[in-house]
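K.L.:
Below you'll find the structure I mean.
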Amino acid sequence: MPAHRPRTYVPTVAEAGAWADVLVRHRLLHAAVLAPTGQWLVQHRPETPVLVLDGATAMVDLAAEIQHRARTTRNDTR
């Protein structure tokens, strides 16, 4: 994956939650749940293990990775 531009801010829980909702709604993730500890529990497909992400920044980074993968895959099939 290409290098990212340096982040100029720390993502909020609300931003991470919005991205989690979008990813689940568009079926790019099976589930994404905010734990009381601030960690995110993420599952790519129903049969895959649950991943534990450490906070909002990790959730937003995962969203960026999924978007990048979707865009490069889509461009390859054109």
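K.L.:
For the range 1-20, which positions are modelled with pLDDT of 75 or more and either surrounded by 10 or more Cβ atoms within 10 Å (Cβ to Cβ) or not in a loop (DSSP other than H, G, I, E, B) (or both)?
P.N.:
Arg7, Val10, Pro11, Thr12, Val13, Ala14, Glu15, Ala16, Gly17, Ala18, Trp19, Ala20
K.L.:
Another question, then. Scan the range 21-44 residue by residue and report those that are touching a residue at least 24 places away in the same chain (Cβ under 8 Å), surrounded by 15 or more Cβ atoms within 10 Å (Cβ to Cβ) and in a loop (DSSP other than H, G, I, E, B).
P.N.:
Hits for the range 21-44 are Leu28, Leu29.
K.L.:
Separate question: Give the range 45-67 a look and list any residue that's within 8 Å of the chain's Cα centre (by Cα) and open to solvent by 40 Å² or more (accessible area, probe 1.4 Å), or say none.
P.N.:
Residues satisfying the conditions are Asp61, Glu65.
The values are calculated or read from the model by the stated rules, or taken from the named source; none is laboratory data. None of the values given here were measured: they were computed from a predicted structure. With ideal geometry, Cβ positions are generated from the backbone for all residues, glycine too; neighbour counts draw on all protein chains shown. For accessibility, only protein heavy atoms count, side chains too; no ligands or nucleic acids. Shrake-Rupley method; radii C 1.70, N 1.55, O 1.52, S 1.80 Å.
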